[in-house]
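Worksheet: the structure to be examined is printed underneath.
Throughout, read-outs are computed from the coordinates displayed, never taken from laboratory work. This structure is a prediction, so every number in the text was calculated from the model and none was measured. A quick note on method: Cβ atoms are made from the backbone with ideal geometry, for glycine too, and the neighbour counts reach across all protein chains shown.
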Amino acid sequence: MQILSKVLTYNNAAKPEYKYRVFFSDGLKKSYKVFKLKSLTVEFIKSAKEWNKGTSTPVLVTDNNNTSNNIAPLPIAKSY
């Protein structure tokens, strides 16, 4: 998950209890998450950055003869 914005204000008349939002990308699409408290928003950003440290990008794997190229699978993400 990649954080695309800082803490932004969120004004929606249908949901006045939510005051803050953060845009993020999961690699396929851009989305946002809304929060009631700023402290929860900052905690979400910190946890996303920690999660990004534990992930790696796919690595090109070749055999000894360099004849077959395969992409190594990514590790399964932890759910919280």
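Computed values, structure above
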item: Sum of side-chain charges, Leu40 neighbourhood, beta-carbon under 14 Å (Lys, Arg +1; Asp, Glu -1); result: +4
item: Cross-link table Lys6/Lys46; Lys33/Lys53; Lys15/Lys46; Lys15/Lys38; Lys6/Lys49, entries beyond 18 Å C-alpha to C-alpha; result: Lys33/Lys53; Lys15/Lys46
